[in-house]
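Report on one structure; see the data block that follows.
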Amino acid sequence: MKRADLKQILEWLKLYQSYKSLLNDNPSTTEILYVCDGRIERHSSSEVRKIVDVIDEVYWYFETKNKAKARFMVKFFFENCSWAETERKIGLSHGTVKNWRREIIEITAKIARRAELI
């Protein structure tokens, strides 16, 4: 996976809750502006909707395959818990957190490619 794709996927996972709220609060908007890492980002609402759909699909994939990984996804990515906090709250080793993080990113990349986002 390209470094730019990895960075993009991590941003989507981190901003998922915000994206979803923006779409729910402003369903008729055509463009979404937000600040990320000190810069203003601009996306069409259709692109943000695709991103939200991809992340939803990844979440439901893990919800049906392994509920512990779905719970990890919520804590680590959606609630932005730190590595140590996630390990403590879910009772995982650091190695497991690294492996699950990589697996979630890989599945997200596959689904995003299928949706033609990357």
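The values are calculated or read from the model by the stated rules, or taken from the named source; none is laboratory data. Small disclaimer: the values here were computed from a predicted structure and weren't measured. Virtual Cβ from ideal backbone geometry, glycine too; neighbours counted across all protein chains shown. Protein only, heavy atoms only, side chains kept; ligands, DNA and RNA dropped before computing areas. Shrake-Rupley method; radii C 1.70, N 1.55, O 1.52, S 1.80 Å.
Listed values, structure above:
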{"quantity": "With all protein chains modelled, accessible area of ASP25 [1.4 Å, Å²]", "calculated": "120"}
{"quantity": "Cα-derived Rg over Rh, computed across segment 36-118 with Rh taken as Kirkwood radius", "calculated": "1.01"}
{"quantity": "Two-site FRET efficiency, ASN26 against ASP53, from Cβ-Cβ distance with R₀ of 22 Å, rounded to 0.05", "calculated": "0.80"}
{"quantity": "FRET efficiency, 1/(1 + (r/R0)^6) with R0 22 Å, evaluated for ARG71 and LYS98 via beta carbons", "calculated": "0.85"}
{"quantity": "GNM result for the chain, Cα springs below 10 Å: residue of ARG49, ARG88, ARG71 fluctuating most strongly", "calculated": "ARG88"}
{"quantity": "Percentage of interatomic Cα-Cα distances in segment 1-80 larger than 14 Å", "calculated": "66"}
{"quantity": "Spatially proximal aspartates and glutamates relative to LYS110 (Cα-Cα < 15 Å; intrachain offsets below 8 disregarded)", "calculated": "ASP5, ASP53, ASP56, GLU57"}
